[in-house]
Amino acid sequence: TNGLAGVTSSTGNMVETANLAKEPLREFLLKHSRPNERAFFLRTAQRVDPARSVEMSDRDFVITVPAFVVNELSVAFQIGFLIFLPFLVIDLVISNILLAMGMMMLSPTTISLPLKLLLFES
């Protein structure tokens, strides 16, 4: 809550600054990660280090950071697929139209590239 003043104050050191930023960062990571991913990483961490398994929770950074990364990567792949899908549909439609017209020797890329550029620009 101190914002930039807490970071740039001459009396504070790096450890105090990290402790100030720890809870807002933890809340952000918890908000943007799924509970089932946190549960998976918690189970995995408990299997890897059974001695510390009693004190581990799904709020630890060891659990929340990988869960956040996996969540962001899965969302990024979903967005990438949704961007790729219209271009794939254009290729399939153009290929089928060219085959139906009997133009098997004409490359579908020659026809579909201008349509893709129109779709991308609009």
**Report entry** Pairs where the first residue, in the stretch 21-35, is in contact (Cβ under 8 Å) with a residue 24 or more places away in the chain and farther than 9 Å from Thr64 by Cα and the second is surrounded by 12 or more Cβ atoms within 10 Å (Cβ to Cβ) and hydrophobic (A, V, I, L, M, F, W, C), C-beta under 6 Å, 6+ apart
**Finding:** His32/Phe68
**Report entry** Hey, Ala67 out of contact with any Lys or Arg (no Cβ under 7 Å at 6 or more places or on another chain) and closer than 30 Å to His32 by Cβ or not
**Finding:** no
Report summary line: Wholly inside the stretch 1-50, helices (runs of 4 or more DSSP H) that include 2 or more residues that are modelled with pLDDT of 90 or more are 14-31, 35-48
Report task. Looking only at the stretch 87-110, count how many residues are surrounded by 13 or more Cβ atoms within 10 Å (Cβ to Cβ) and at pLDDT 90 or above. Result -> 8
Report summary line: Per the filter on the stretch 51-96, residues part of a helix (DSSP H, G or I), over 21 Å from the mean Cα position of the chain (by Cα) and of a type in the set (Gly, Ala, Ser) are Ala51, Ser95
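Name the single residue, out of those in the stretch 41-50 being surrounded by fewer than 16 Cβ atoms within 10 Å (Cβ to Cβ) and not charged (D, E, K, R), that is farthest from the chain's Cα centre (by Cα).
This residue is Pro50.
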Report task. Looking only at the stretch 74-95, decide whether some residue is β-branched (Val, Ile, Thr), touching a helix residue (DSSP H, G or I) at 6+ places or on another chain (Cβ under 6 Å) and free of Cβ contacts under 8 Å to residues at least 24 places away in the same chain. Result -> yes
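The values are calculated or read from the model by the stated rules, or taken from the named source; none is laboratory data. Please read all numbers here as calculations on a predicted model, not as lab measurements. So basically every Cβ, Gly included, is an ideal-geometry build from the backbone, and we count neighbours across all protein chains shown.
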